Amino acid sequence: MYSIFLGAPGAGKGTQATAIAQKLNLAHIASGDLFRQALKRGTGLGRQAKNYIEKGELVPNEIATHMVLERMSAPDSEKGTVLDGFPRNLEQAKALDKALARKSLEIDNVISIKVSEEELQKRLGGRRICHRCQTVYNIVESPPHVEGKCDKCEGKLYQRPDDTAETIKKRLEIYFEHTAPLIDYYRRKGKLIEVDGEETVDEVTRRTVAALNERWLIAR
């Protein structure tokens, strides 16, 4: 099974993609994580992507597509993958379709997590991440027990450079201009599943699993 999670920054698509990948025993491929790992290792692609990521801009299609397709060729992706943060525009979506078609494969499901822009801004502005274990908190909705310190490992919490007010605004503008059209693209292909992302995390997961089960039951 090859699935894609779509949603604006802060919609929770990463959380849901992780949960669904674990439930289905599929590889979870988050493009943002791939970029950050490349940055940390100092690879050529990582250095090329750095300036775009720090400004909240989209990484060029060629770089993003190469990274994701390379990761999808790993052994743990043989049973399928859950893609999170890729594709981000129509050009990337079409490149992905062509790459899969060469292997007689295709995207099976596209889950769109719907959240209002007002809620997105609140979530992103309050997001903090643990330096050590990468656990995500929100200082408004789900703060740590001790300010600035991770509940799990006591690591220091930080705010990502792309979660500042100015960059949040730019990220959302980019999403609605470039990524939102993918919803229509996959709807026309009959792949789209829309889920309300303003419920609790567990409820969004439950609804996503139910929608996937219904889709596969109908497909059979």
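The values are calculated or read from the model by the stated rules, or taken from the named source; none is laboratory data. What you see is a predicted model, and the numbers here were worked out from it, not measured in a lab. Quick reminder, even Gly has a Cβ in these numbers, built from the backbone with ideal geometry, and neighbours come from all protein chains shown.
For region 192-205, give me the residue count where each residue is more than 21 Å from E119 (Cα to Cα) and either out of contact with any helix residue (DSSP H, G or I) (no Cβ under 9 Å at 6 or more places or on another chain) or among the polar types (S, T, N, Q) (or both).
Summing the residues that are more than 21 Å from E119 (Cα to Cα) and either out of contact with any helix residue (DSSP H, G or I) (no Cβ under 9 Å at 6 or more places or on another chain) or among the polar types (S, T, N, Q) (or both) in region 192-205 gives 0.
Yes or no: V59 buried (at least 20 other Cβ atoms within 10 Å of the Cβ), modelled with pLDDT of 90 or more and of a type in the set (V, I, T)?
It is false that V59 is buried (at least 20 other Cβ atoms within 10 Å of the Cβ), modelled with pLDDT of 90 or more and of a type in the set (V, I, T).
Please count how many residues of region 188-198 are surrounded by 14 or more Cβ atoms within 10 Å (Cβ to Cβ) and over 13 Å from G7 (Cα atoms).
The qualifying residues number 1.
L105: in contact (Cβ under 8 Å) with a residue 24 or more places away in the chain, over 17 Å from the mean Cα position of the chain (by Cα) and closer than 30 Å to N213 by Cβ, yes or no?
So L105 passes the test.
For the list (1) touching a helix residue (DSSP H, G or I) at 6+ places or on another chain (Cβ under 8 Å); (2) exposed (fewer than 13 other Cβ atoms within 10 Å of the Cβ), I need the number of the one condition that A101 fails.
(1)
Restrict the check to region 36-50 and report whether at least one residue is over 18 Å from A8 (Cβ atoms) and under 14 Å from the mean Cα position of the chain (by Cα).
Yes: region 36-50 contains one or more residues that are over 18 Å from A8 (Cβ atoms) and under 14 Å from the mean Cα position of the chain (by Cα).
Might you check whether a residue that is at pLDDT 80 or above, assigned to a helix (DSSP H, G or I), of a type in the set (S, T, N, Q) and more than 24 Å from A165 (Cβ to Cβ) occurs anywhere in region 40-48?
no
Would you confirm whether or not region 162-178 contains a residue that is out of contact with any helix residue (DSSP H, G or I) (no Cβ under 8 Å at 6 or more places or on another chain), part of a loop (DSSP other than H, G, I, E, B), under 30 Å from Y2 (Cβ atoms) and touching a residue at least 60 places away in the same chain (Cβ under 8 Å)?
No, that holds for no residue.
Quick grid of which residues meet (1) in a helix (DSSP H, G or I); (2) closer than 27 Å to Y2 by Cα; (3) within 20 Å of the chain's Cα centre (by Cα):
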residue	(1), (2), (3)
E118	yes, no, yes
K122	yes, no, yes
I129	no, no, yes
R132	no, no, no
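Considering only region 152-183, state which residues are surrounded by 15 or more Cβ atoms within 10 Å (Cβ to Cβ) and touching a strand residue (DSSP E or B) at 6+ places or on another chain (Cβ under 8 Å).
Matches in region 152-183: G155, L157, R160, D163, T179, L182, I183.
Residues being part of a helix (DSSP H, G or I), in contact (Cβ under 8 Å) with a residue 40 or more places away in the chain, out of contact with any Lys or Arg (no Cβ under 8 Å at 6 or more places or on another chain) and not aliphatic (A, V, I, L, M): count how many of those fall in region 58-102.
2
Please find, among V110, V209, the residue that is part of a helix (DSSP H, G or I), out of contact with any Pro (no Cβ under 8 Å at 6 or more places or on another chain), modelled with pLDDT of 90 or more and of a type outside the set (S, T, Y).
None of the others qualify; the one that does is V209.
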